[in-house]
Amino acid sequence: MPDRYHIHTVLTPPRFRRIGKFGTVDWREDCSRCSNCVKLRCCYDVYKHESAHDRDPIAAIQTLNECKACLSCVQGCTKGLLNLSVNPEFLEMGDEYWKPDLILSTWNQSDTGKIPVSGAGYRGRFAGPGFDSIWTDMSEIVRPTRDGIHGREYISTSVDIGPKPMRLSFAADGKMYTQPSRLLEIQVPLVLDIPAWPIRQTELAKARAIAAKELKTVAMISARDAMQLPPDQLQFVVPIFHRDEIKIGGDLISLAGTMVQLLDCEDVAEMAEAVLAIKPQAIISVRLALCHGAADRIVGLSRQGIKVFHLCADLHGREQLGNGQPGRHIKDALREIHARLISEGLRDEITLTVSGGIAVAEHMAKAIICGADLVGVDTALLVALGCRVCSNAHPATLDEPTGVSASPCPIGVDSADSAYAAQRMINLIGAWHGQLIEVLGAMGIREVRRVRGEVGRAIFMEDIEKEAFGDLLQVPREQVGA
Amino acid sequence: MKIISDLDIELVQPLELDVERLAQSEWPQEIVNREIHPAPDRYRNPIGRYRINRLANCLACGHCAEVCSLGVHVKPDGYAYMLRPQDHLCIGPACTENGASCLSECPQKALTMLRNPSADCMGDPRWSSDLILSTWHQAATGDIPPSHLEYRHSVSGGGFDRIRFQFEIPRLSQDVLEKAYETNKSLRAADSIDTGLDLNKRDDGRPQVHIDIPVYGGGMSFGSVSIHTILAKARAAAAWNSFTCTGEGGYPDRLKPYDDHVITQVATGLFGVREDTIQSVRIVEFKYAQGAKPGLGGHLLGDKNTPAVARMREAVAGNALFSPFPFHSVYSVEDHKKHLDWIKEVNPRCIVSVKVSTPTDVDMVAVGSYYAGAHIIHLDGSYGGTGAAPDIAKKNIAMPIEFAIPKVHKFLAAEGIRDRITLIASGGIRTAYDMLKAIALGADGVVIGTAELVALGCVRCACCESGRGCPRGIASTDSELMMQMSMDWATQRLINLHGAWRKQTVAVLRRLGMTSIRDLRGRSDVLCYLADKPISTKDAAK
């Protein structure tokens, strides 16, 4: 058996002051200076950390960002002077998709590389749009797991990228027609994708290349940025080529790893031929928008011999607008594409990557259940570096995937040292990998490849809601204002 | 031939003697009074929904104390100044609607009211701040909470929070009221409504186990919560003739005076499972999985494995202890039956409960458990749980209990065995109304965990594990933190909570024209679902 895959996470403190969720409001003037102060009794020593700055000017200013809101001090203060309030700075972070709690949790994972653990049950909404309306299955008594996640059996998270011919074909003289299979095996079902909005890439691209090598996956980097990288870092890089860049990219194609990604356009097939002329063993992947009609395009390109696709959804995991159709969520679009490819008899030959809106570890598992082979991670990698998904985050277009934004990043996420940034990314993916193992272990599935399209091992809100509550009297929700 | 039959007799006789010996626990059983009396918040400053601020221009005329009937403003005899407003008693704007309020009557206009920001820091969509405050109120008084707190459901936007009794909907309630009035003319006295359950429906010669309320306490292991919490749960269970559960990890000696109200758990790690503990209880529970971390097993961190915990678990102190998933001796229903037979043989007077989580095939699991000989099938939905669990497992793995109850109830009914097994639901039962909805969807009764902890003062900060453990002293074994709460106070809080829940149960049953909680089981026709767009069974059949 090969070595077990393991991600080396290293505690990596954030570059910026943490933005905590809670802060106390304190009317000190009425304080009776009693000897029983709740601030001394805080079992997390939050007040002590906060006041460290009073004694030592070099100490960091902590404005109660560690407070866990246990309310012991608020309820215990002799004169009732303390109040707790939700930090408005915290609430301002992110947007309707990247909620503040999600950003904070991503930061924690990038600090430590540990999976988030907490007590007291689930705290969020019952279900939500998109991935939040899916539950994954677990196995029990009648279909038990053979061994739990702490058991001896290895749970594999590796996937193969590349054309997978279903059969061999031979000429009359016995010569084999079929090209020998060229597969790129990556150890986690995700690739480090380009950011979803224009941002300076000098350090970020390098960081992704370093992280990809450590994680045994690949980093997607635009050809223009990849050309700036030192050649020894190109092995785990997939350059993304624009139509016009193919001619000048010969060196890059031969130096980079086996996979090359091409932006979808009319003559993408010719581009593929040009790449194969330079590097016959290259794996050609086509990057296209996840939009209405994507399934047709995939089937069409597949007939022309392209078997690896990267579907880009928008920032929030919806289809890109096209033909005036409202964008569905990735899960619905993917299930349709997956089913279509099965009915065309093409599914097993093709590798599908989906990116856009993959924000937490369960999105990865659920996208794979809905039919992707692997996912691309974009915004989460920036959040790992301290990004708050502020209003400067304007989505890029497919034609202009990277570049310099008009308004610079307010926290300078693009200036982080590449080795440091890579470790934060490795930590985050390490935590995600751990969480994926939890999901697979609970399902009793020991290989992520077997999860692809396993919708039978998932529970979908629209189905289960009908099954459970379809026979109840239906009352319109607005009628009771719920 | 003769020898064999002699042997048979020999085998049978000691067993029957054992039954005699075990008919009662060897320990004298303590009796706890089912008496409701006030158990106010244990902190100096109770938290309320509203906050009253008094400005410095107050003349201490005491007029506000005369106006307010709730006791928010107090000027004790002989005092020159007012006490700090007892604003946790304030009911907020509803008060001003009735005319005179302290705000309008104050001659100095020195009083202002606002929502308490600290109260808004508590809670989340599953357990809203209102729900926590109202659970505290129920635990403090044993009574139904005041109307300014929404105590029946939360704001999670799904499941129980989108299910209502039809009488709760203004438009529908008129018909429902009339119908109910017809049927329950004879129902007047509170005592005529029965909230009890018989847990053994198998008719297999094993003793009947009756509980007086359709709810018992969930498993929390020795080491995960303080001994005061464990004992308070057991004492409240004794008071209400119900049960508490040891969880995995042993049976502390101090629980033995409550043996008759304890369920002991046999979980995958088999920690603390001993013949004598199994023999001294009336219900033994097999834990296959738990809703908070379905399919993942347990993990006691090395730090929590203190010498006392290690002794109980017969392990080495300081080592992390894993409870694997699943039972490595159970890979089929036949194996499952062997397991149950083993326990039934060790304790011939117990009944057996099987606790499982909620996979897609939970209905098959339930039927399998029935045929394996279980008396109780206990479904633990994925949104509940009190222990530390990976966040990813809490939301995403296995279905919420609201979906699992009707699925299993209907399937057991179709198999013709619904009345032969007790269906218990847990994992996200937060309020009395959740419990009643669960029963109307098809459960016989429920198990609660978090609601009891909230009654003891939990604010759901979710830090059960970090640092020295629970800062409120509920789920901590830290000697200093756990002393924040006395056992007597904790017992009274839980007795009060169950008292308040029973009051609500009785009120709802009377409203529905039913005399017993058993009449409500599976009566989903008294419920309605708040739909975004209509969903119907016709579509579901497609």
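Please treat every number below as a calculation from the coordinates, not as lab data. These numbers come from a predicted model, not from an experiment. For neighbour counting, all protein chains shown are included, and Cβ atoms are generated from backbone atoms with ideal geometry for every residue, glycine included.
Put in order of Cβ neighbour count within 10 Å, fewest first, the listed residues A:Glu266, B:Glu452 become A:Glu266, B:Glu452.
Each of A:Gln235, B:Ile169, B:Pro46 was scored by the projection of its Cα onto the charge dipole of the protein assembly as shown, and the greatest displacement toward the positive side belongs to B:Pro46; charges sit on the C-beta of Lys, Arg, Asp and Glu. Take every DSSP beta bridge whose two residues both sit in chain A; close to 35 percent of them are antiparallel.
How much of the DSSP beta bridge set in the protein assembly as shown is antiparallel, as a percent to the nearest 5?
Counting DSSP beta bridges with both partners in the protein assembly as shown, the antiparallel share is about 30 percent.
Helix content alone sets the calculated 222 nm mean residue ellipticity of the protein assembly as shown: runs of n ≥ 4 DSSP H residues at -39500 (n - 2.57) each, divided across all residues, give -9500 deg cm²/dmol. Relative contact order, whole percent, for the range B:50-115 stands at 46, derived from Cα pairs under 8 Å and 6 or more residues apart.
Given contacts defined as C-alpha pairs under 8 Å and at least six residues apart, what's the relative contact order of chain A, whole-number percent?
Taking the mean separation of contacting Cα pairs over the length of chain A, I get 21 percent.
Could you tell me how many degrees, from 0 to 90 and to the nearest 10, lie between the Cα long axis of helix A:418-443 and the main elongation axis, the longest principal axis, of the Cα atoms of chain A? In chain A, helix A:418-443 runs at an angle near 80 degrees to the longest axis.
Distances between every pair of Cα atoms in the range A:159-464, grouped in 10 Å steps from 0 to the bin holding the largest one, split as 6, 28, 37, 23, 6, 1, 0 percent. A simple rule links phi to the HN-Hα coupling: the Karplus curve 6.51 cos²θ - 1.76 cosθ + 1.60 with θ = phi - 60°, which for the range B:229-241 gives 5, 4, 5, 4, 4, 5, 5, 5, 5, 5, 4, 9, 6 Hz, with x for Gly and Pro.
Write down the percent of antiparallel bridges among all DSSP beta bridges whose residues are both part of chain B, to the nearest 5. Working shown, then result.
On the way: 13 of 42 bridges.
Here the share of antiparallel DSSP bridges comes out near 30 percent.
Within the range B:73-152, the chymotrypsin sites (Phe, Trp or Tyr not before Pro) that combine a DSSP coil assignment with at most 16 other C-beta atoms in a 10 angstrom radius are B:Tyr79, B:Tyr81. Looking at the range A:152-228, the trypsin sites (Lys or Arg not before Pro) that sit in a DSSP loop and have at most 12 other Cβ atoms within 10 Å of their own Cβ are A:Arg152, A:Arg167, A:Lys175. Is the shape of the range B:196-537 best called rounded, prolate or oblate, per the rule: a/c under 1.5 gives rounded, else a/b larger than b/c gives prolate, else oblate, with a ≥ b ≥ c the square roots of the Cα gyration tensor eigenvalues? Since a/c stays below 1.5, the shape of the range B:196-537 is classed as rounded. The calculated P(r) of the range A:238-328, using every Cα pair and 10 Å bins from 0, goes 17, 46, 27, 10, 0 in percent. Which pairs break 20 Å Cα to Cα here: A:Lys21/A:Lys79; B:Lys304/B:Lys394; A:Lys466/B:Lys437; A:Lys466/B:Lys407; A:Lys21/A:Lys99? Over 20 Å apart, Cα to Cα: A:Lys21/A:Lys79; B:Lys304/B:Lys394. Think of chain B as having a plus end and a minus end, set by charges on the Cβ of Lys, Arg, Asp and Glu; of B:Leu103, B:Ile392, B:Ala237, B:Leu103 sits farthest toward the positive end of this dipole. Summarising the amide proton neighbourhood of B:Asp194: residues at separation of 5 or more, or on other chains, whose placed amide H is nearer than 5 Å comprise B:Ser516, B:Ile517.
Only lysines eight or more places from A:Lys307 in sequence, or on another chain, were considered; those with a Cα closer than 18 Å are A:Lys164, A:Lys279. Sorted ascending by nearby beta carbons within 10 Å, beginning with the fewest, A:Val260, B:Val215 become A:Val260, B:Val215. Going from the fewest other Cβ atoms within 10 Å to the most, the residues B:His498, B:His63 appear in the order B:His63, B:His498. Within the straight-line cut-off of under 24 Å between alpha carbons, the lysines reachable from B:Lys338 are B:Lys201, B:Lys287, B:Lys355, sequence neighbours fewer than 8 places apart in one chain being disregarded.
Normalising the average separation of contacting C-alpha pairs (under 8 angstrom, six or more residues apart) by the number of residues puts the relative contact order of the range A:22-86 at 52 percent. Eigenvalues of the alpha-carbon gyration tensor of the protein assembly as shown, scaled by 5 and square-rooted, set the equivalent ellipsoid semi-axes at 51, 38, 28 angstrom, largest first. Modelled spin labels at B:Ser104 and B:Leu301, positioned 7 Å past Cα toward Cβ, are 5.4 nm from each other. Find how many whole Å separate the alpha carbon centroid of the range B:360-405 from the alpha carbon centroid of the range B:243-317. Answer, in whole Å: 19. On a per residue basis, the convex hull of the C-alpha atoms belonging to the range B:84-135 measures out at 95 Å³. Residues in the range B:92-98 carry Karplus couplings, in order, of x, x, 4, 5, 5, 5, 7 Hz; the curve used is 6.51 cos²θ - 1.76 cosθ + 1.60 with θ = phi - 60°, and Gly or Pro positions show x.
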